[in-house]
Amino acid sequence: MVALMRKLRAVGYWCTDPRLLPSQEERFPDPRALVHPGWRSAERPLILAYLRSGWTFARWRGYSHCRFRCGVDCTQMGSRCLTDGLWVWPEGLPHYVEHHDVYLPAEFVRTMTRREWRLPERKQPPTHETHGEPDDAFWIAWGRREVARFWAEGWMRPARSAGCSPRTGFETPAHAVLTLAPTPSAPSLPRSELHPAKRLPAGASPPSATYSCLTALADCLRTHYRMGR
């Protein structure tokens, strides 16, 4: 029966935690590069309600965790995948949108608006047993494009120092008093285990915005090269 059903689209799945061993999930984006404060602020409550109203697509034996390491209890991140009949997303996705200002693909939001923010009535909602694994090609391609744009626009690498933004987990933009540390073996995005940015010595002049943006762009191009291999 699975072969006869149309595959659903995956959305909202993230790369692994940097403390874990590499896995196939590294194809997924880092949510810290998808932060957009104010994104659809007027529609945000409707988006959150829609995400939380999804049907159960699959249940898992363990809980998810927040990739921002914000301290939220893992039980609040859920252990299910939800669906609206077209898309499949993790139960914890609303947490990222509500508490970390993570934005979602316009295609996904259009589905919500077209349905007037309500799931259609169905006697038998789709499940993993009836539809199989969701298709993640769209989500991976969208994530790569958005993460690459994030770096190209001149943001710093993810940092674990005291100066990072409490909402994004990233250091300040490219013109701030932090500099990138170019490394010949920089890991490919969207992997979350990236080298922290280094602070400038006391009294040193900050790098120019042009230099930092060019360095970030070089990282972006190197990322695209590695992803295409």
| field | Distance (nanometres) between label positions extended 7 Å along Cα→Cβ at His65 and Leu119 | value | 2.8 nm
| note | To the nearest 20 debye, the range 2-145 has a Cα-centred charge dipole, built from +1 on Lys and Arg Cβ and -1 on Asp and Glu Cβ, of 220 debye
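Using just the alpha carbons, could you tell me how many Å³ per residue the convex hull of the range 22-138 encloses?
Working: hull volume 14.1 nm³, N = 117.
Enclosed volume per residue, from the Cα hull, is 120 Å³.
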| note | Any GluC sites (Glu not before Pro) in the range 44-140 that lie in a DSSP loop and have at most 16 other Cβ atoms within 10 Å would be Glu116, Glu121
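Sum up the charges of everything whose Cβ sits under 11 Å from the Cβ of Arg9, counting Lys and Arg as +1 and Asp and Glu as -1, but leave Arg9 out. Let's see the in-between values first.
Details: positive: Arg6, Lys7; negative: Asp84, Glu107, Asp135, Asp136.
In short, -2.
Values in this text are rule-based calculations from the coordinates and carry no lab data. All of these numbers come straight from a predicted model, not from anything done at the bench. Every residue, glycine among them, receives a Cβ derived from its backbone with ideal geometry; neighbour counts consider all protein chains shown.
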